[in-house]
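The values are calculated or read from the model by the stated rules, or taken from the named source; none is laboratory data. Quick caveat: nothing in here was measured; it's all calculated off a predicted structure. Counting neighbours? That spans all protein chains shown, and the Cβs are built from the backbone with ideal geometry, glycine included.
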Amino acid sequence: MRFGGVCVQEPEEGQPIGAGGGTLARRISMADGLRMVGISKLVLHAWERRYERHLADRTETGRRYFTPRQVEHLKLLKQCTDAGHRIGSIIDLPPEELRALVRGHAKLVALTPLLEAIQQMDLPRMRRLLAEHLQEEGPADFAKNTIAPLMREVGRQWSDGALSIAAEHMASAEVRGMLSGCLAALPAEPMAVRAVVTTMEGDQHEIGSMLITLLARQVGLGALYLGPDLPASEIAQAARTWNARIVCLSSLYGRLRVLEPRLADLRDRLADTTELWVGGPGFAELKQMKGIRYFADVASFEEAARDLVARYTASTADG
Ligand code: B12
């Protein structure tokens with residue numbers, strides 16, 4: 001049998017096609033592929049029929065085989081369906097998005113004890129588990145990889161009615177306390193390039209801005225946390241008093257048609273030399289606004305903050 005000028009033998013059930021050499025080893029028989037993925041032929045056929053997809057290739061004589069890439073794709077689909085995703089909603093996702101779903105699920109599984117402690121309102125256990133995470137991960141990773149996904153899951157369960165408002169409040173209060181402790185251990189005063197961090201009037205969600213304050217301090221910004229829910233006039237005043245180079249806003253809640261004019265108002269009140277950096281889901285649909293820098297993720301925020309500190313350090317060393 002010929003494939004692209006290469007002679008291969010027909011696959012035997014359970015045998016990798018052409019096992020032992022080059023291109024040929026890249027064809028995997030149905031039986032082996034299904035075993036590697038951990039699904040039955042019936043499931044494969046059901047996915048293919050229902051969603052009119054070809055998840056395997058065919059030889060010229062019509063015998064089916066997998067490429068390694070198809071096996072990897074099927075493994076990801078299987079892991080996602082095991083994690084509770086409907087096949088119909090994931091079958092067209094590219095591999096990197098499937099991998100992100102798998103990673104997200106693994107993270108949530110790791111957070112299960114914490115979520116159970118919150119559901120049972122077992123504060124001592126929650127506190128002990130959070131302290132263990134902090135100890136293991138260090139403050140920045142703790143905030144990014146434990147607190148953020150934990151609070152998102154708390155929010156999901158709360159809006160599904162699976163978690164009481166009281167349990168959510170208990171979790172939020174405890175998380176705030178832990179983040180306050182992390183901030184106290186890393187004071188802003190000695191750092192030369194300064195920032196203030198808050199949320200705009202109407203947004204009481206403060207954990208995102210505490211997280212941002214912590215990450216900013218970790219990369220060397222003198223970030224002052226102002227608490228949430230501040231009018232533009234107060235933010236501008238605080239920026240002047242603290243001599244802030246950056247005003248940093250987090251938004252988890254609020255309508256754009258309300259946020260945009262407030263942002264424009266704040267921009268007007270700030271000195272031209274003060275940068276305005278914003279992030280969080282509330283700003284996700286923000287149109288480009290002059291003098292306002294939107295960050296889609298914390299990694300790009302950390303990079304920009306690190307850059308700014310490095311530029312300042314280099315300029316003072318030169319001067
Ligand atoms: C805790 C909580 C509250 C607490 C807040 C307590 C506190 N002291 O902070 C309380 C009870 C006060 C509250 C109230 C309300 N809440 Co609430 N709340 C939450 C919850 C569960 C967690 C929020 C949180 O702390 N997240 C932790 C942060 C760190 O997670 P994060 O947003 O994913 O953060 C990441 C990014 O956003 C990004 N990021 C965030 N900020 C910034 C900034 C920069 C510069 C950058 C680069 C990145 C960045 O980085 C983070 C790390 O990856 C969320 C659920 C959720 N999905 O977040 C709902 C949620 C935000 N709340 C919601 C709602 C609807 C409300 C209320 C309207 C409920 C009500 N009917 O009263 C009120 C509104 C109050 C107000 N005016 O602000 C909705 C918002 C929906 C929407 N799209 O607008 C959510 C999403 C819940 C839901 N699933 O419906 N809430």
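Could you please tell me which pairs satisfy a Cβ distance under 8 Å, a separation of 6+ or placement on different chains, a first residue in region 242-264 that is touching a residue at least 40 places away in the same chain (Cβ under 8 Å) and within 19 Å of Val196 (Cβ to Cβ), and a second residue that is of a type in the set (D, E, K, R) and more than 13 Å from the ligand (Cβ to nearest atom)? If the second residue must be of a type in the set (D, E, K, R) and more than 13 Å from the ligand (Cβ to nearest atom), the pairs left are Trp242/Arg194; Asn243/Arg194; Ala244/Arg194; Arg245/Arg194; Ile246/Arg194. Residues that are surrounded by fewer than 18 Cβ atoms within 10 Å (Cβ to Cβ) and either modelled with pLDDT of 95 or more or not β-branched (Val, Ile, Thr) (or both) within region 305-319 comprise Arg306, Asp307, Ala310, Arg311, Tyr312, Ala314, Ser315, Ala317, Asp318, Gly319, listed in sequence order. Criterion applied to Ala166, Ala110, Ala143 was being out of contact with any Gly (no Cβ under 9 Å at 6 or more places or on another chain), within 12 Å of the ligand (Cβ to nearest atom) and farther than 29 Å from Thr274 by Cβ, and the one residue passing it is Ala166. Would you confirm whether any residue within region 95-113 is acidic (Asp, Glu) and within 30 Å of Ala184 (Cα to Cα)? Taking every residue of region 95-113 in turn, none turns out to be acidic (Asp, Glu) and within 30 Å of Ala184 (Cα to Cα).
The helices (runs of 4 or more DSSP H) located wholly in region 87-203 that include 1 or more residues which are touching a His at 6+ places or on another chain (Cβ under 7 Å) occupy 95-119. Hey, any hits in region 15-23 for a residue that's assigned to a helix (DSSP H, G or I), at pLDDT below 80 and either surrounded by 11 or more Cβ atoms within 10 Å (Cβ to Cβ) or out of contact with any Gly (no Cβ under 8 Å at 6 or more places or on another chain) (or both)? Checking region 15-23: at least one residue is assigned to a helix (DSSP H, G or I), at pLDDT below 80 and either surrounded by 11 or more Cβ atoms within 10 Å (Cβ to Cβ) or out of contact with any Gly (no Cβ under 8 Å at 6 or more places or on another chain) (or both).
Just one of the listed residues (Val154, Val193) is away from the ligand (no atom under 12 Å from the Cβ), β-branched (Val, Ile, Thr) and either within 21 Å of the chain's Cα centre (by Cα) or closer than 29 Å to Pro261 by Cα (or both), namely Val193.
Going by the structure shown, is Leu101 aliphatic (A, V, I, L, M) and either free of Cβ contacts under 8 Å to residues at least 12 places away in the same chain or assigned by TED's automatic domain parsing to the domain that holds Pro149 (or both)?
Spelling it out, Leu101 is indeed aliphatic (A, V, I, L, M) and either free of Cβ contacts under 8 Å to residues at least 12 places away in the same chain or assigned by TED's automatic domain parsing to the domain that holds Pro149 (or both).
Checking each residue in region 259-293 for being surrounded by fewer than 17 Cβ atoms within 10 Å (Cβ to Cβ), of a type outside the set (Asp, Glu) and either closer than 24 Å to Lys144 by Cβ or within 11 Å of the ligand (Cβ to nearest atom) (or both) picks out Pro281, Ala284, Leu286, Arg293.
Among (1) in a helix (DSSP H, G or I); (2) modelled with pLDDT of 95 or more, which single condition is Gly227 missing? The one condition Gly227 does not meet is (1).
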